[in-house]
1. Amide H of Asp157 versus every other amide H placed in the peptide plane: which residues, excluding those fewer than 5 positions away on the same chain, fall under 5 Å?
2. Could you state the accessible area per residue of the chain in Å², with a 1.4 Å probe and every protein chain left in place?
3. Which whole-number percentage describes the relative contact order of the chain, with Cα contacts under 8 Å and a sequence gap of 6 or more?
4. Which ³J(HN,Hα) values in Hz, rounded to whole numbers, follow from the phi angles of segment 64-77 under the Karplus curve 6.51 cos²θ - 1.76 cosθ + 1.60, where θ = phi - 60° and Gly and Pro get x?
5. For segment 74-149, what is one quarter of the convex hull surface built on the Cα atoms, given in nm²?
6. Compute the distribution of all C-alpha to C-alpha distances in segment 104-180, in bins of 5 Å from 0, and list the percent of pairs in each, rounded to whole numbers.
7. Shape verdict for segment 29-126, please, from the Cα gyration tensor: rounded (a/c under 1.5), prolate (a/b greater than b/c) or oblate.
8. Could you give each residue of segment 23-31 its phi-based ³J(HN,Hα) in whole Hz, using Karplus coefficients 6.51, -1.76, 1.60 with θ = phi - 60°, and x for Gly or Pro?
Amino acid sequence: VTTRTALLRREGTARDGRAYLIRPGTPEDAEAMVALRDEIAAEGELIAAAPGETSVIEERLTIARLLSEGGLALTLEVEGEVAGQCMVRRGDDFASDRAEIAIAVRNSARGIGLGRALMETAIDWARAVRVARLVLGVFPSNARAIGLYRALGFTEDRVERPPASSVRRGRDLLFMSLQL
Ligand SMILES: CC(C)(COP(=O)(O)OP(=O)(O)OC[C@H]1O[C@@H](n2cnc3c(N)ncnc32)[C@H](O)[C@@H]1OP(=O)(O)O)[C@@H](O)C(=O)NCCC(=O)NCCS
(Lines give C-alpha, C1' and ligand atoms only; values in the text may rest on other atoms or scores of the structure.)
Protein backbone atom coordinates (compact mmCIF):
# COMPACT_ATOMS: atom_id res chain seq x y z
CA VAL A 1 0.00 0.00 0.00
CA THR A 2 2.82 2.37 0.87
CA THR A 3 4.55 1.76 -2.45
CA ARG A 4 1.37 2.25 -4.44
CA THR A 5 0.63 5.48 -2.63
CA ALA A 6 4.14 6.79 -3.20
CA LEU A 7 4.01 5.89 -6.90
CA LEU A 8 0.68 7.61 -7.35
CA ARG A 9 1.03 10.63 -5.10
CA ARG A 10 2.96 13.68 -6.24
CA GLU A 11 2.92 17.12 -4.74
CA GLY A 12 4.64 20.26 -5.86
CA THR A 13 4.45 23.79 -7.11
CA ALA A 14 3.26 24.46 -10.66
CA ARG A 15 5.05 26.89 -13.00
CA ASP A 16 2.75 29.73 -11.88
CA GLY A 17 3.43 29.12 -8.18
CA ARG A 18 0.18 27.32 -7.33
CA ALA A 19 0.40 24.18 -5.18
CA TYR A 20 -0.75 20.96 -6.81
CA LEU A 21 -1.37 17.40 -5.75
CA ILE A 22 -1.70 14.29 -7.91
CA ARG A 23 -3.35 11.40 -6.05
CA PRO A 24 -5.21 8.17 -6.81
CA GLY A 25 -8.75 8.84 -7.96
CA THR A 26 -11.69 7.11 -6.23
CA PRO A 27 -15.42 6.73 -6.90
CA GLU A 28 -15.92 9.57 -4.41
CA ASP A 29 -14.38 11.90 -7.02
CA ALA A 30 -17.29 11.19 -9.38
CA GLU A 31 -19.13 14.47 -8.80
CA ALA A 32 -15.99 16.55 -9.36
CA MET A 33 -15.12 14.50 -12.46
CA VAL A 34 -18.55 15.01 -14.02
CA ALA A 35 -18.31 18.76 -13.35
CA LEU A 36 -14.81 18.87 -14.85
CA ARG A 37 -15.83 16.92 -17.95
CA ASP A 38 -19.01 18.98 -18.45
CA GLU A 39 -16.96 22.16 -18.23
CA ILE A 40 -14.43 20.94 -20.81
CA ALA A 41 -17.13 19.49 -23.09
CA ALA A 42 -18.74 22.96 -23.13
CA GLU A 43 -15.49 24.38 -24.57
CA GLY A 44 -16.25 22.31 -27.70
CA GLU A 45 -13.96 20.38 -30.07
CA LEU A 46 -11.62 19.09 -27.33
CA ILE A 47 -13.15 15.89 -25.97
CA ALA A 48 -15.70 13.40 -27.24
CA ALA A 49 -18.35 14.20 -24.65
CA ALA A 50 -21.37 16.47 -24.44
CA PRO A 51 -22.25 18.45 -21.30
CA GLY A 52 -24.69 16.51 -19.12
CA GLU A 53 -23.96 13.23 -20.91
CA THR A 54 -22.85 11.33 -17.80
CA SER A 55 -24.60 11.33 -14.43
CA VAL A 56 -22.70 11.26 -11.15
CA ILE A 57 -23.97 7.73 -10.42
CA GLU A 58 -22.79 6.50 -13.83
CA GLU A 59 -19.41 8.13 -13.27
CA ARG A 60 -19.12 6.55 -9.84
CA LEU A 61 -19.73 3.12 -11.39
CA THR A 62 -17.32 3.83 -14.25
CA ILE A 63 -14.51 4.68 -11.83
CA ALA A 64 -15.26 1.64 -9.65
CA ARG A 65 -15.25 -0.63 -12.72
CA LEU A 66 -12.05 0.93 -14.06
CA LEU A 67 -10.28 0.25 -10.76
CA SER A 68 -11.66 -3.28 -10.43
CA GLU A 69 -10.35 -4.02 -13.94
CA GLY A 70 -6.84 -3.07 -12.87
CA GLY A 71 -6.94 0.39 -14.40
CA LEU A 72 -5.67 3.69 -13.05
CA ALA A 73 -7.53 6.82 -12.00
CA LEU A 74 -5.54 9.91 -11.07
CA THR A 75 -7.04 13.10 -9.68
CA LEU A 76 -5.26 16.44 -9.91
CA GLU A 77 -5.92 19.10 -7.31
CA VAL A 78 -4.72 22.69 -7.56
CA GLU A 79 -4.86 24.69 -4.34
CA GLY A 80 -7.13 21.98 -2.93
CA GLU A 81 -9.66 22.06 -5.79
CA VAL A 82 -10.09 19.26 -8.33
CA ALA A 83 -8.56 20.54 -11.57
CA GLY A 84 -7.86 17.49 -13.68
CA GLN A 85 -7.91 13.77 -14.17
CA CYS A 86 -6.06 11.04 -15.99
CA MET A 87 -7.35 7.52 -16.51
CA VAL A 88 -5.77 4.39 -17.89
CA ARG A 89 -8.11 1.61 -18.95
CA ARG A 90 -6.68 -1.85 -19.42
CA GLY A 91 -8.07 -4.38 -21.86
CA ASP A 92 -10.91 -6.72 -20.98
CA ASP A 93 -8.46 -9.15 -19.49
CA PHE A 94 -5.56 -8.36 -17.21
CA ALA A 95 -3.24 -10.25 -19.56
CA SER A 96 -3.62 -7.58 -22.23
CA ASP A 97 -0.43 -5.55 -22.48
CA ARG A 98 -2.19 -2.60 -24.11
CA ALA A 99 -4.01 0.16 -22.23
CA GLU A 100 -5.88 3.31 -23.22
CA ILE A 101 -5.03 6.63 -21.59
CA ALA A 102 -7.17 9.76 -21.34
CA ILE A 103 -6.47 13.12 -19.71
CA ALA A 104 -8.22 16.39 -18.96
CA VAL A 105 -7.07 19.53 -17.14
CA ARG A 106 -9.38 22.42 -16.29
CA ASN A 107 -8.85 25.47 -18.52
CA SER A 108 -7.64 27.65 -15.63
CA ALA A 109 -4.87 25.13 -14.80
CA ARG A 110 -3.51 24.53 -18.32
CA GLY A 111 -0.11 25.48 -19.66
CA ILE A 112 1.72 25.26 -16.33
CA GLY A 113 3.09 21.74 -16.61
CA LEU A 114 0.33 19.81 -14.86
CA GLY A 115 -0.84 17.87 -17.91
CA ARG A 116 2.70 16.66 -18.35
CA ALA A 117 2.94 15.79 -14.61
CA LEU A 118 -0.29 13.75 -14.80
CA MET A 119 0.84 11.91 -17.94
CA GLU A 120 4.28 11.18 -16.46
CA THR A 121 2.69 9.78 -13.29
CA ALA A 122 0.42 7.53 -15.38
CA ILE A 123 3.29 6.41 -17.61
CA ASP A 124 5.41 5.49 -14.56
CA TRP A 125 2.49 3.48 -13.20
CA ALA A 126 1.93 1.77 -16.55
CA ARG A 127 5.58 0.72 -16.68
CA ALA A 128 5.38 -0.55 -13.09
CA VAL A 129 2.39 -2.78 -13.87
CA ARG A 130 3.96 -3.96 -17.14
CA VAL A 131 1.67 -2.30 -19.65
CA ALA A 132 3.60 -2.62 -22.92
CA ARG A 133 1.80 0.02 -24.97
CA LEU A 134 -0.30 3.06 -24.13
CA VAL A 135 -2.78 4.12 -26.78
CA LEU A 136 -5.05 7.16 -27.12
CA GLY A 137 -7.36 8.91 -29.51
CA VAL A 138 -7.31 12.67 -30.01
CA PHE A 139 -9.12 15.05 -32.36
CA PRO A 140 -6.60 16.19 -35.01
CA SER A 141 -7.47 19.84 -34.24
CA ASN A 142 -6.37 19.51 -30.59
CA ALA A 143 -2.87 20.95 -31.09
CA ARG A 144 -2.12 21.38 -27.43
CA ALA A 145 -2.91 17.77 -26.52
CA ILE A 146 -1.02 16.44 -29.56
CA GLY A 147 1.95 18.66 -28.59
CA LEU A 148 1.97 17.15 -25.10
CA TYR A 149 1.72 13.58 -26.40
CA ARG A 150 4.53 14.15 -28.90
CA ALA A 151 6.71 15.73 -26.20
CA LEU A 152 6.22 12.54 -24.15
CA GLY A 153 7.28 10.32 -27.05
CA PHE A 154 3.89 9.22 -28.41
CA THR A 155 3.87 8.59 -32.14
CA GLU A 156 1.00 8.96 -34.61
CA ASP A 157 -0.43 5.63 -35.76
CA ARG A 158 -3.44 6.40 -37.95
CA VAL A 159 -6.48 8.60 -38.48
CA GLU A 160 -9.91 6.99 -38.41
CA ARG A 161 -13.42 8.26 -38.93
CA PRO A 162 -15.71 6.30 -36.58
CA PRO A 163 -19.38 5.78 -37.48
CA ALA A 164 -21.67 8.77 -36.81
CA SER A 165 -23.56 6.68 -34.26
CA SER A 166 -20.49 6.23 -32.05
CA VAL A 167 -19.57 8.32 -29.04
CA ARG A 168 -16.92 9.98 -31.23
CA ARG A 169 -19.73 11.53 -33.29
CA GLY A 170 -18.30 10.63 -36.68
CA ARG A 171 -15.36 13.01 -36.38
CA ASP A 172 -11.86 12.03 -37.42
CA LEU A 173 -9.78 10.68 -34.60
CA LEU A 174 -5.98 10.52 -34.55
CA PHE A 175 -4.68 7.44 -32.76
CA MET A 176 -1.32 7.79 -31.05
CA SER A 177 0.68 5.32 -28.97
CA LEU A 178 3.70 4.99 -26.77
CA GLN A 179 5.72 1.79 -26.51
CA LEU A 180 6.89 1.43 -22.90
C1 LIG B 1 -4.22 18.59 -23.29
C2 LIG B 1 -4.00 18.99 -21.85
C3 LIG B 1 -4.23 17.79 -20.96
C4 LIG B 1 -2.55 19.47 -21.68
O5 LIG B 1 -2.35 19.79 -20.33
P6 LIG B 1 -1.55 21.12 -19.91
O7 LIG B 1 -1.52 21.12 -18.42
O8 LIG B 1 -2.14 22.29 -20.58
O9 LIG B 1 -0.11 20.81 -20.52
P10 LIG B 1 1.31 21.23 -19.97
O11 LIG B 1 1.27 22.61 -19.45
O12 LIG B 1 1.79 20.18 -19.03
O13 LIG B 1 2.18 21.18 -21.30
C14 LIG B 1 2.85 20.01 -21.63
C15 LIG B 1 3.44 20.08 -23.02
O16 LIG B 1 2.41 20.21 -23.97
C17 LIG B 1 2.91 20.93 -25.09
N18 LIG B 1 2.04 22.06 -25.34
C19 LIG B 1 1.42 22.83 -24.44
N20 LIG B 1 0.68 23.75 -25.05
C21 LIG B 1 0.82 23.55 -26.37
C22 LIG B 1 0.30 24.17 -27.53
N23 LIG B 1 -0.55 25.20 -27.43
N24 LIG B 1 0.65 23.68 -28.73
C25 LIG B 1 1.50 22.64 -28.83
N26 LIG B 1 2.03 22.01 -27.76
C27 LIG B 1 1.69 22.47 -26.55
C28 LIG B 1 4.27 21.35 -24.79
O29 LIG B 1 5.13 20.42 -25.41
C30 LIG B 1 4.38 21.21 -23.28
O31 LIG B 1 5.68 20.86 -23.00
P32 LIG B 1 6.51 21.56 -21.83
O33 LIG B 1 6.08 20.82 -20.59
O34 LIG B 1 7.91 21.30 -22.21
O35 LIG B 1 6.13 23.01 -21.80
C36 LIG B 1 -4.95 20.13 -21.43
O37 LIG B 1 -4.68 21.24 -22.23
C38 LIG B 1 -6.42 19.77 -21.48
O39 LIG B 1 -6.93 19.13 -20.59
N40 LIG B 1 -7.14 20.17 -22.53
C41 LIG B 1 -8.57 19.95 -22.63
C42 LIG B 1 -8.96 18.49 -22.63
C43 LIG B 1 -8.20 17.73 -23.67
O44 LIG B 1 -7.95 18.22 -24.75
N45 LIG B 1 -7.84 16.49 -23.33
C46 LIG B 1 -7.16 15.61 -24.25
C47 LIG B 1 -8.15 14.93 -25.12
S48 LIG B 1 -7.36 13.70 -26.15
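The values are calculated or read from the model by the stated rules, or taken from the named source; none is laboratory data. Being a predicted model, the structure only gives us computed values, none of them experimental. No Cβ is skipped: glycine too gets one built from the backbone with ideal geometry, and neighbour counts run over all protein chains shown. Protein only, heavy atoms only, side chains kept; ligands, DNA and RNA dropped before computing areas. Shrake-Rupley method; radii C 1.70, N 1.55, O 1.52, S 1.80 Å.
1. Here the answer is Phe175, Met176, Ser177, since their amide H atoms fall under 5 Å of that of Asp157.
2. On a per-residue basis, the chain sits at 52 Å².
3. Values: 320 pairs, mean separation 32.3, N = 180.
Computed over the chain, the figure is 18 percent.
4. Computed from phi, the couplings for segment 64-77 are 4, 5, 3, 5, 5, 8, x, x, 10, 10, 10, 10, 9, 10 Hz.
5. On the way: hull surface 22.0 nm².
The Cα convex hull of segment 74-149, projected and averaged over all directions, gives 5.5 nm².
6. Distribution as computed: 3, 14, 22, 22, 18, 14, 6, 0 percent.
7. On the way: a/c = 1.76, a/b = 1.25, b/c = 1.41.
Verdict is oblate for segment 29-126.
8. Whole-Hz 3J(HN,Hα) from phi for segment 23-31: 9, x, x, 9, x, 5, 7, 3, 4.
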